[in-house]
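Have a look at the structure below before the remarks.
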Amino acid sequence: MSHPALARLQQGLAAARAEHLERHRPLRDGMQGAALEVDGETLLAFCSNDYLGLAADPALVAAARAALDACGVGAGAAHLVSGQHRYHHDFETAFARFVGKPAALLFSSGYQANLGVITALAGRRSEVFADRLNHASLIDGAQLSGAAFTRYRHLDLAQLEGQLAASKAADKLIVSDLVFSMDGDIAPVDALLDLAERHDAWLYLDDAHGFGVLGNGRGGLTDRARASDRVVYLATLGKAAGVAGAAVAAHADLIAWLVQTARPYVYTTASPPLLAACLIESLRQIEAGDERRARLHARIAQLRAGLATLPRGTLMDSTTAIQPLLIGANAEALRVAQALRARGLWVPAIRPPTVPTGTARLRITLSAAHSEADVARLVEALHAVV
Ligand SMILES: *Cc1c(COP(=O)(O)O)cnc(C)c1O
């Protein structure tokens with residue numbers, strides 16, 4: 001027996017199922033890597049954001065183990081209540097230096113960082129300007145801030161300029177993915193900075209998919225953006241960095257402001273210090289990671305060459321580790337994903353609301369952990385099933 005409130009929820013689930021929009025969480029065992037144990041079978045996976053293959057790297061595991069012995073598991077309380085662990089502090093210092101900004105703050109996740117930064121920089125008298133394809137966490141941050149929320153067509157800076165010129169808001173904040181998470185294309189950082197300067201706006205760039213990969217690992221900031229006080233930079237640390245968390249880098253006073261006002265920072269338990277110790281090692285690996293990046297870029301070139309002659313499906317225009325194959329209809333994207341799965345390959349079908357209606361796609365992600373043979377196997381399978 002279900003009461004009416006539960007029945008409405010059950011109708012919602014049934015509707016999602018009927019539209020091929022129901023989401024599942026495959027059950028995994030074992031290590032993160034190119035091959036994954038999923039629901040009892042071993043699959044060659046093209047779905048993780050572990051672009052450099054650091055998530056199970058022995059040096060990171062050793063750093064975590066040493067820190068575990070030195071400080072235990074839990075942080076105890078929030079940073080402002082029971083203190084910032086030295087590992088947190090040392091990571092923030094190393095991260096700021098690495099990305100070329102004066103100061104940094106470590107959040108427990110990118111989602112929390114985006115809520116925290118946007119609500120700290122924008123309020124009821126502000127206006128937030130956002131690319132239409134921004135990550136969900138940036139949209140949620142803008143909505144939570146209570147600011148006027150204005151979206152511009154993907155990468156349409158002429159439209160953004162008109163919106164900025166028309167704005168009467170006291171504070172303006174431009175927010176963009178630096179590498180777009182479902183498309184793999186890159187925002188024009190200097191052109192966005194030009195607009196921010198001309199209209200006295202902050203520019204917040206979410207480099208979840210560029211940090212570790214672009215710019216010798218330092219991410220997608222340009223020299224001008226690194227030097228600019230109005231650019232606020234976010235790297236998430238569960239992707240190429242292979243661990244968890246997110247770091248915001250900016251002017252020291254902006255970081256000080258976040259410590260005072262960013263509620264998802266203030267009102268949450270600090271992440272386990274052992275993760276910060278692990279992140280310090282991850283930064284070292286990223287800094288010394290030219291070989292990993294070269295391997296990743298070789299795989300990207302191999303995939304693009306191999307799929308250039310695919311009869312159907314459109315490989316989107318991307319130079320990054322995110323290589324989406326546009327399919328269109330939800331059911332067709334699912335069919336292709338399932339046919340790949342039957343061949344032992346795991347590539348996720350991404351459907352609305354994560355992407356716009358009618359643009360369901362296979363989101364292929366590549367990693368330095370993939371071998372040439374792995375990518376060859378994917379290319380061959382796609383030619384057989386698309
Ligand atoms: C993954 C992602 C986030 C969220 O980061 P988490 O650390 O996973 O919470 C934020 N922004 C973008 C663009 C992302 O891809």
- Point-to-point label distance, residue 297-residue 7, nm (Cα→Cβ direction, 7 Å offset): 6.1
- Within 10 Å, count the other beta carbons around each residue, average over each peptide in 130-141, 311-322, and list them highest first. 130-141, 311-322
- Message: For residue 52, what residues show an amide H to amide H distance below 5 Å, using hydrogens built from the backbone and excluding near sequence neighbours?
- Response: 368
- Task: Starting from the Cα of residue 383, step 7 Å along the direction of its Cβ; do the same at residue 27; then give the gap between the two resulting points in nm.
- Result: 3.8
- Message: Please report the antiparallel percentage of DSSP beta bridges with both residues in the chain, rounded to the nearest 5.
- Response: 55
- Query: How high is the FRET efficiency between residue 227 and residue 68 when r is their beta carbon distance and R₀ equals 35 Å, given to the nearest 0.05?
  - Reply: 0.35
- Note on the structure: Expressed per residue, the solvent accessible area of the chain in Å² (1.4 Å probe) is about 44
- Under the Karplus relation 6.51 cos²θ - 1.76 cosθ + 1.60, θ = phi - 60°, what is the ordered set of whole-Hz ³J(HN,Hα) values for segment 336-347, x standing for Gly and Pro? 5, 4, 5, 5, 5, 4, 5, 9, x, 10, 10, 10
- Note on the structure: One point scatterer per Cα, no solvent, Debye formula: log10 I(q)/I(0) for segment 58-287 at q = 0.08, 0.10, 0.18 Å⁻¹ comes out as -0.27, -0.42, -1.31
- Message: Let me spell out the model: positive unit charges on the Cβ of Lys and Arg, negative unit charges on the Cβ of Asp and Glu, origin at the Cα centre of segment 196-316. What dipole size does that give, in debye rounded to 20?
- Response: 540
- Task: Using only Cα atoms, locate the centre of segment 93-144 and the centre of segment 177-194, then give the distance between them in Å, rounded to an integer.
- Result: 15
- With runs of 4+ DSSP H residues as the only contributors, calculate the mean residue ellipticity of the chain at 222 nm using -39,500 (n - 2.57) per run, divided by the residue total and rounded to the nearest 500. -13000 deg cm²/dmol
- Message: Probe radius 1.4 Å, ligands and nucleic acids ignored: give me the carbon and sulfur share of the accessible area of the chain as a rounded percent.
- Response: 54
- Between segment 41-61 and segment 318-386, the alpha-carbon center distance in angstrom: 17
- Find, among the chymotrypsin sites (Phe, Trp or Tyr not before Pro) in segment 191-278, those assigned to loop by DSSP (not H, G, I, E, B) with at most 14 other beta-carbon atoms within 10 angstrom. 267
- Message: As an exercise, use a Förster radius of 22 Å and the Cβ-Cβ distance of residue 200 and residue 143 to find the FRET efficiency, rounded to the nearest 0.05.
- Response: 0.40
- Query: Sorted by packing (mean other beta-carbon atoms within 10 Å per residue), highest first, where do 323-330, 337-344 land?
  - Reply: 323-330, 337-344
- Placed amide H near residue 243: partners under 5 Å, 5+ positions off or other chain: 238
- Checking rank on 11-18, 376-383, 280-287, with mean other Cβ inside 10 Å and highest first, the result is 280-287, 376-383, 11-18
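The values are calculated or read from the model by the stated rules, or taken from the named source; none is laboratory data. Quick caveat, the model's predicted, so the values are computed rather than measured. As a convention, Cβ positions derive from the backbone with ideal geometry for all residues, glycine included, and neighbour counts pool all protein chains shown. The area values use the complete protein model at the heavy-atom level, side chains included, leaving out ligands, DNA and RNA. Shrake-Rupley method; radii C 1.70, N 1.55, O 1.52, S 1.80 Å.
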